[in-house]
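A quick write-up on the structure given underneath.
The values are calculated or read from the model by the stated rules, or taken from the named source; none is laboratory data. This is a predicted model, so every value here is computed, not measured. Every residue, glycine as well, gets a Cβ built from its backbone with ideal geometry; the counts of neighbours run over all protein chains shown. Please note that ligands, DNA and RNA were not included when accessible areas were found on the heavy atoms of the full protein model with its side chains. Shrake-Rupley method; radii C 1.70, N 1.55, O 1.52, S 1.80 Å.
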Amino acid sequence: MTRNDTLFDRAQRSIPAGVNSPVRAFRSVGGTPRFLVRGAGCHVWDADGTRYIDYVGSWGPAIVGHAEPTVVRAVQARAADGLSFGAPTELEVEMAETLIRRLPSLELVRLVSSGTEATMSALRVARGYTGRSKIVKFEGCYHGHGDSLLVKAGSGALTFGQPSSAGVPPAIANETVVLPYNDAEALRALFAADGGAIAAVIVEPIAGNMNLVRPVPGFLETLRELCDAHGSVLIFDEVMTGFRVHPQGVQGLTGVTPDLTTLGKVIGGGMPVGAFGGKRAIMNVVAPLGPVYQAGTLSGNPVAVAAGLATLALTEAPGFYERLAARTRAFCDGLVSAARDAGVEFCADSVGGMFGLYFSPRVPTSYAEVMQGDKERFHRFFHAMLDAGVYLAPSAYEAGFVSAAHDDDALAATLAAARVAFAAARG
Ligand SMILES: *Cc1c(COP(=O)(O)O)cnc(C)c1O
């Protein structure tokens, strides 16, 4: 037994499936999850001392690499002065100002401790502001594990959703309508039928939780137009894409401005920080300014915010996103060329420091197309890469992440591993 196996056995005796978040259990790809003990730059080490080049990056936050020295110093310095007060601190003001300066749509912003909390709060704000209850989301988009958002599609585009988790009351699921991603016409039809009931449309403006799926031209623009016409709140869930794809998120990249934005992942730099914010007129409903209650004992935690601020400061270095995007693109191009040499049907796409790998003939634009990919091939590829020291997301339905710490050596080593792994994947 390896130390990873021993730890996994032990973990399962006290934690459901041995993990604190389901995808970590490797159920989709099979095998033993790696228990990680250390990270530095683009590398992580497991409990058996094996080193991997990491393309998960804590699912996005590690944009400057693991244990980046200025981030670590900021956390150590802050921690020495006390971990939490439950009273205002200057650091959280600095964080709010930084977010407002960088994102075109933010006028007021509140900090929370996770992406889930950010989306749950944004929905409540949208409902409180409009006095309506229906929410529209898109198939394959993940917005955290709040009740209203754990709903998948019914059969027709206009059917009301069924909960995709036990424990979500049908009465709550019924308030969520699920439409196919990139189907602006379905949204147009829904608004024509029931626009006055819709509090909010929430979308991952570039989807990253069904692998990477870009919005088709005009999709986000139509969302904006329909929400304006019907007085509904447009929420961009940029928990993954915020400060990952562009210095100003997808809203900066596309020029489409949401009413509310949710953030997480990169803004905490690996510590638990989330945020929701947007137009002043809408955020004015948040307690104690207004009647929508929202609170958190550890919200704006000084140590967590210090990690986030230090991380965001590093992303403001000149050319940071250009270099990150070029590196991520080179990684994708290298994989595509290795797959071609191995005779494996494969394609890849990237936006900024985020990428998608598809065992498909073309890059998908919807959940249905993502589902057509060759999952068994991905599983063989995943394990062959892991054996060769490359740690990819243990699921065919997750985006991956490159950090500023992935250098030429890491890229070359990854592509050498990929040549072997594609041959193994071909089967
Ligand atoms: C990760 C993620 C969330 C949930 O964030 P947590 O911090 O895991 O609660 C919400 N929305 C999107 C788009 C995400 O990628």
Problem - Every residue from the range 221-258 that is hydrophobic (A, V, I, L, M, F, W, C) and either more than 16 Å from the ligand (Cβ to nearest atom) or over 21 Å from residue 194 (Cβ atoms) (or both) - result: 226, 227, 229, 233, 236, 239, 240, 243, 245, 250, 253, 256
Practice task
Could you please tell me which pairs satisfy a Cβ distance under 6 Å, a separation of 6+ or placement on different chains, a first residue in the range 374-393 that is in contact (Cβ under 8 Å) with a residue 12 or more places away in the chain, and a second residue that is of a type in the set (Ser, Thr, Tyr) and open to solvent by less than 50 Å² (accessible area, probe 1.4 Å)?
Solution key: 389/52; 390/414; 391/52; 392/55
Practice task
Test residue 13 against the stated conditions and say whether it is under 23 Å from residue 241 (Cβ atoms), assigned to a helix (DSSP H, G or I), out of contact with any Asp or Glu (no Cβ under 7 Å at 6 or more places or on another chain) and open to solvent by 20 Å² or more (accessible area, probe 1.4 Å).
Solution key: no
Practice task
Filter the range 153-167 down to residues that are part of a loop (DSSP other than H, G, I, E, B) and at pLDDT 50 or above and give me whichever is most open to solvent (accessible area, probe 1.4 Å).
Solution key: 166
Practice task
Could you list all residues from the range 100-112 that are within 16 Å of the ligand (Cβ to nearest atom) and hydrophobic (A, V, I, L, M, F, W, C)?
Solution key: 103, 111, 112
Problem - Long-range neighbours under 7 Å by Cβ, at least six apart or interchain, first residue more than 12 Å from residue 397 (Cβ to Cβ) within the range 22-33, second of a type in the set (Lys, Arg) - result: 33/24
Exercise for the section: Scan 57, 115 and give me the residue that is within 16 Å of the ligand (Cβ to nearest atom), farther than 30 Å from residue 290 by Cα and crowded, with 19+ Cβ neighbours inside 10 Å. Expected result: 57
Exercise for the section: For the range 86-102, state whether one or more residues are open to solvent by less than 60 Å² (accessible area, probe 1.4 Å) and farther than 26 Å from residue 246 by Cβ. Expected result: yes
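Output the strands (runs of 3 or more DSSP E) that fall wholly within the range 39-152 and possess 2 or more residues being of a type in the set (D, E, K, R), or say none.
51-54, 134-138
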